[in-house]
Every structure is written in structure tokens, then in C-alpha cells.
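Below: the structure, in C-alpha cells.
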Amino acid sequence: LSVSGAPERILELSKKIEINGQQKKLSTKELQKLKKKLANLTGQGFRVIGLGYKKVSSENNLREACRDFTFVGLVALKDPLREDAKEALQICKKAGLKLIIATGDHKRTAQAVAQELGLKVNDHEILQGKDLDRLSDKEFAKTVKKIKIYARVEPKHKMRIISAWQGQGKVVAMTGDGVNDAPALKKADIGLALGSGTEVAKEASDLILLDDSFSIIVAAVREGRVILDNIRKAICYVLADSFTSVVLIGFAKIIFGWPLPILPVQILWNNFVEDTLPNISYAFEPGEKDVMKRKPNPAHTSLFTREMKVLIFATGLIDEFIILGLFWFLWKHLGLDLAYVRTMVFGAISLDTAFVVYCYKNLRKNIWQINPFSNKWLNISSLLVFVFFALAIYFPFFQKILHTVALGIGDWIILISLGVVSMFLIEITKWYFISRHQVE
């Protein structure tokens, strides 16, 4: 009967040792020598397996036969780290991600690997599976945040580790490759199976790392954060624009009893023609430079952040009062033709898009702190806003549908100036609330 496994366990079950083909009793001196050798190998990061055997008859009960082995020796295996692993771990630390090592290997092996990765781990930050068994769930919940390495763990231990972190309100991602990893991969919020792993592990996971590279996880986290940022920018832009139209019509028609400052067909043109391309172009934002230096959002964080609410409300009010003032001045004060005034209001809302679209490139920084022209699709869509508005006011077909009139160069200067002023006021509002939030 041949056995292999954790050296300390094989040694516990052994009574003899084989040296140069000769069996002799496993003395305390030999045992200490082997333990010293084991500590030396594991301290260097080797994965160590103990080997033993026993001569049994076919009539022996297997459970009873699994004792009194003859110890043969140790096999040391080196599983080298990938070159990109250390760099990926440093990025994770900056991004606020906590790395936990849960392994069936010896604690010194895991500790040596962690140190090779640049992760300093003290003895009190290591917990073995047998020690975890002695802790109640309540006791474990108090210590789980302090533990960086779990050694000699079994599948049930991995389940407890995941449950404990989820109980702290954390989002847990788990990597694994074996059949025994499947329950934990299933329980984790995000199960990540290695491409070289078993089919059972792959079926139980949410994602499969085709090249087994830890850096892919880091890249996926970054991409996820960029996507979420861009979704928020697009939502913020659309809602702010819609809020402006609603407040403008509400104040002019309902509160002041004035004629509609902008017609429904013009609002539809602005929403479908002027706003669509800028909104789509946010999907191509390259990502902010500090995206992997932020702390993770708590679980169940709302899609609407504080910055978004401030921007939507501030943009709506700023644009509404500027455009409402323009309508009052041209129609009420100067008494100009209503079709011309509505064309100017339509132009103010449309061309405003070409400028304020840059205010949403970064919800945490001002436009002068970033490169506003880093997204070529946003630049193109901003230019097309001018083209589409020109079509709306100069082509007879669109003039008839949209009830617009042709504007002169002076009108264009006024509309562009209003867009610049609107962008400036929004950026001032961003600066105030961002700086206040940072102080708090």
C-alpha cells in the first residue's frame, strides 16, 4: 500500500523509515531531522509531498491498514510564479483589493510564495485548517480580517472563509482548478476557474481564465470599473439634458404662463439627433488614470453617486436659467418674432450639448485637470452637433418640419458664447462640490 500527501501527516502515521534500502525504526532524532528538512524546503517555497508504503495482504481492512507506514522520503516541487504576478498584486493593493491565499500546502510554503509576491505575512496572520475547525463562526468573524494565509485547508474551510467575508459585506472572488474547489467557486460572488483546471471547476465558475494568468483578473477589474464609469457618465449626461427641458417648459408655460419656449418636435430632434452620438461616444472613453487607485465601492452601492446627483441638478438649473433668460430677453423684453426666439432657444439647447458633453468626461475632476480631447469619438460627435443644427435651420425641408428660421453669424456667436458660459458654470459647480467632498 503506497501513500503520498502532507509530509507531517505521513510522518504521524509512520513507524519506520527506509534508508539505503533498509528499514529501521523512525527515531526521534530522525523525525526531528526530517521536520527540519521539511521546514527548510517549505521555507524556500517548495511544495513538499511525503511518501510512504506498507506491505499488506488482500484481506486487510483498508482503514486499519492506513497506519504504521514505512517512511520513504520527501518530494519537493517548485511551482514558479508568473513574471506578471508580482506587478498584478501591487496594482490590486492600490485598487483596494485584498488578496487571501487559501491552499492545501504547508503554511511555510504559502508564506514563502507570499513574500516572493511582495506580500509580507507574519505568523499570527496565518491560520491552518485544523485551527479553523476549533473556531466558532462568531469567533472566526472577529479574526477573518486579520488572516492573510489559510494553509492545509479543505473544501469545507474555503466555504467558511467565503461565508465569513460575505458576512462582512464584501464581494468575494475565488480562483480554483480542482474538483474540490467547485463548491467554493459556486458560493463565491465571482467564481474564477483556471483554463487548465477540471471541467467540474469550470462548470461551477462564472468566468474561466484561459491562460491561468492572475493579471487577467486585474485587467478585468479595471475594465469593469471603466465600463461602470462610462455608464454613469452617459446616464448623467442624458438625465441632465432631459431635466433642463422639463424645468424650462415647466417654468415658462406653467409658472409664468408664457408660450412654449421650444416646440415638442424640436425637443425630439435634440434628443434623437443632437444627443444620440455624444451619448454613444461615452462608451469609448479610455478610462481615467486613477481608476485602479480607487477603493472598491461597498456592496449594493447605488448606481447614482453623489457627484452624479449634484451634476444632474446643477446642470439642469444652470442651463434652464440661462436659456429661460435668453427667451425672456428676446421675446418678452425685445418683443422679437416667436419663431426666431424659439429657434434661438432650440439652438441654445442643441449647441450647449457640444460644450457640456466634456463636463461629464470625469465626474471627479475638472476639465482643466484632464485631457478633454482624449476621446476622438466624443470630439467628432461634438462637431456633428453643429452640423445637425445647421441642417435644422438652413435646409427648407427641416425648417418646415421643425418650425425654424435661418440665423446669422451674430446669432451663432451668441449661442456659442452661451454654451461656453454654461460649461464654465458647470465646471465651477463641480470644483466647489468636489473640493468640499474631499475636505469632508
- Item | Extension gain from Asp206 to Tyr53, taking 0.36 nm per residue of separation minus the Cα-Cα distance | 51.0 nm
- Item | Ordering of 308-320, 393-405 by burial proxy (mean other Cβ atoms within 10 Å per residue, highest first) | 308-320, 393-405
- Once the piece of chain linking Leu391 and Arg67 is laid out straight, how much longer is it, given 0.36 nm per residue of separation minus the C-alpha distance between them? 107.7 nm
- Message: Just to confirm a number: summing +1 for Lys and Arg and -1 for Asp and Glu over residues other than Leu34 whose beta-carbon lies under 12 angstrom from that of Leu34, what do you get?
- Response: +2
- Item | FRET efficiency estimate (nearest 0.05) - Cβ-Cβ, Lys86 to Lys253, R0 56 angstrom | 0.30
- Task: Would you calculate the separation in nanometres between label points at Lys170 and Ala141, each defined as 7 Å from the Cα along the Cα-to-beta-carbon direction?
- Result: 1.5
- Restricting to aspartates and glutamates and to Cα separations under 19 Å from Lys138, and discarding same-chain partners fewer than 8 apart, the set is Glu125
- Message: Using only the alpha-carbon atoms, how far is helix 338-356 inclined from the longest principal axis of the chain? Give it as 0 to 90 degrees, nearest 10.
- Response: 30
- Query: Where does helix 376-394 land angle-wise versus the long Cα axis of the chain, in degrees 0 to 90, nearest 10?
  - Reply: 20
- Message: If I compute P(r) over Cα pairs in 10 Å bins from 0, in percent from the structure I just sent, which labelled value in (1) 4, 12, 17, 19, 19, 14, 9, 4, 1, 0; (2) 4, 16, 20, 15, 12, 10, 9, 6, 4, 3, 1, 0; (3) 4, 16, 22, 19, 14, 11, 9, 5, 1, 0 lines up?
- Response: (2)
- For segment 67-111, the per residue accessible area (1.4 Å probe, Å²) is 56
- Item | Contact order normalised by residue count of the chain, Cα under 8 Å, 6+ apart, percent | 12
- Over the chain, with every protein chain in place, what whole percent of the accessible area is carbon and sulfur at 1.4 Å, could you tell me? 61
- Principal axis dimensions, segment 20-133 - Cα atoms, whole angstrom, descending: 59, 30, 26
- Task: Could you bin all the Cα-Cα distances of segment 354-440 into 10 Å bins starting at 0 and give me the percent of pairs in each, rounded to whole numbers?
- Result: 15, 35, 28, 16, 5, 1
- Query: Listed highest first by mean packing, meaning other Cβ atoms within 10 Å per residue, what order do 278-288, 354-364 come in?
  - Reply: 354-364, 278-288
- Message: Run lengths n ≥ 4 of DSSP H only: what is the helix-derived mean residue ellipticity at 222 nm for the chain, with -39500 (n - 2.57) per run over all residues, to the nearest 500?
- Response: -16500 deg cm²/dmol
- So which lysines can Lys253 reach, going by Cα to Cα under 18 Å and dropping same-chain residues fewer than 8 places off? Lys332
- Query: Of the peptides 221-227, 236-242, 131-137, 386-392, how do they stack up when ordered by the mean number of other Cβ atoms within 10 Å, highest first?
  - Reply: 236-242, 386-392, 221-227, 131-137
- Provide the net charge surrounding Gly325, with neighbours chosen by a C-beta distance below 14 Å and charges set as Lys +1, Arg +1, Asp -1, Glu -1. -2
- Item | Scattering curve values for segment 320-394, log₁₀ I(q)/I(0), Debye with Cα scatterers, q = 0.21, 0.27 Å⁻¹ | -0.92, -1.15
- Query: All other residues with a Cβ under 14 Å from the Cβ of Asn379 taken together, and with Lys, Arg as +1 and Asp, Glu as -1, what is their net charge?
  - Reply: +1
- Of Lys16/Lys37; Lys309/Lys430; Lys78/Lys145; Lys309/Lys376; Lys145/Lys187; Lys170/Lys293, which ones are farther than 23 Å apart at the Cα? Lys78/Lys145; Lys309/Lys376
- Query: How far apart, in nm, are the 7 Å Cα→Cβ label points at Thr305 and Ser163?
  - Reply: 3.5
- Run the quick spin-label model on Ile380 and Arg294: label points 7 Å from Cα toward the beta carbon, then report their separation in nm to one decimal. 2.7
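The values are calculated or read from the model by the stated rules, or taken from the named source; none is laboratory data. Please read all numbers here as calculations on a predicted model, not as lab measurements. Positions of Cβ are backbone-derived with ideal geometry, glycine not excepted, and every protein chain shown enters the neighbour counts. Protein only, heavy atoms only, side chains kept; ligands, DNA and RNA dropped before computing areas. Shrake-Rupley method; radii C 1.70, N 1.55, O 1.52, S 1.80 Å.
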